[in-house]
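Quick notes on the structure that follows.
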Amino acid sequence: MTKEADFREVFRNKQDIQFEPLVEWGLGCIFGLSDHGVRALRYDMDGKGDMMLFNQHAFYANALKEGPELEQLNRNFCRELYKLLDQFDEQIGDGATEVRLRDWSRTLLGTAATTALLGPTMLERICPDLLDHLWQFELDIFKFAFGLPRWVIPNAYKNRDKIIDAFQEYVKDPGNQEGAVPMIPNREVHMRISGMGARDISACNFSVWSG
């Protein structure tokens with residue numbers, strides 16, 4: 001679909017073309033959510049006929065609106081970023097060092113953002129090299145989007161499995177979420193009510209964290 005007329009047709013029918021099937025497909029094909037987990041997203045959380053898939057956008061919009069939760073996330077991020085910058089400054093001392101700006105900045109910001117969102121346990125104890133797996137996943141994502149099977153891209157699947165395994169370890173113990181913003185454990189409660197298992201919850205958390 002590359003012609004101007006095609007795009008006009010899509011926007012003309014935006015009320016008829018649903019986005020949710022694409023989200024379900026992406027969570028399954030790209031992030032590894034099981035068929036059961038995808039079906040669980042259709043669970044009616046409030047008894048008003050709205051699927052959890054529809055509600056999740058409102059959930060995160062509400063969690064991240066101006067107020068305590070957003071302030072906590074901002075404070076967490078700034079605290080972690082300043083801490084990492086101070087550590088880097090101490091390492092350099094009065095000297096100088098040369099860094100690859102892309103690698104340095106994404107590691108610095110990724111570390112601060114991960115700790116701000118999930119708390120310190122994930123990177124400190126569960127999976128210190130989680131960001132390395134994320135960078136590889138980002139290189140592999142088009143392979144998952146094409147629907148390539150595991151036997152064709154075994155290393156890509158193994159790398160994604162390591163990320164989901166880390167998040168599965170993370171959700172095993174509520175103590176691992178100490179320092180996380182409230183929307184992470186609160187959303188987990190919703191997913192458990194809908195009937196999701198630990199691995200599907202982990203895959204969903206992975207999709208939120210990587211997004």
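For the reader, a short list of remarks on this structure follows.
- Verdict on THR107 being β-branched (Val, Ile, Thr), in a helix (DSSP H, G or I), open to solvent by less than 20 Å² (accessible area, probe 1.4 Å) and closer than 28 Å to GLU66 by Cα: no
- Failed condition for CYS127, given (1) under 22 Å from GLY175 (Cβ atoms); (2) open to solvent by 60 Å² or more (accessible area, probe 1.4 Å): (2)
- Residues satisfying the criterion are absent from the stretch 195-208 (criterion: surrounded by 14 or more Cβ atoms within 10 Å (Cβ to Cβ) and out of contact with any helix residue (DSSP H, G or I) (no Cβ under 8 Å at 6 or more places or on another chain)).
Residues checked against (1) in a helix (DSSP H, G or I); (2) open to solvent by 70 Å² or more (accessible area, probe 1.4 Å); (3) in contact (Cβ under 8 Å) with a residue 12 or more places away in the chain:
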| residue | (1), (2), (3) |
| --- | --- |
| LYS143 | yes, no, yes |
| GLY147 | no, no, yes |
| LYS162 | yes, yes, yes |
| VAL171 | yes, no, yes |
| ALA180 | no, no, yes |
| GLU188 | yes, no, yes |
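The values are calculated or read from the model by the stated rules, or taken from the named source; none is laboratory data. Note that the coordinates shown come from a computational prediction; the quantities given were computed from them, not determined experimentally. A quick note on method: Cβ atoms are made from the backbone with ideal geometry, for glycine too, and the neighbour counts reach across all protein chains shown. In case anyone asks, the SASA skips ligands and DNA or RNA and just uses the protein heavy atoms, side chains included. Shrake-Rupley method; radii C 1.70, N 1.55, O 1.52, S 1.80 Å.
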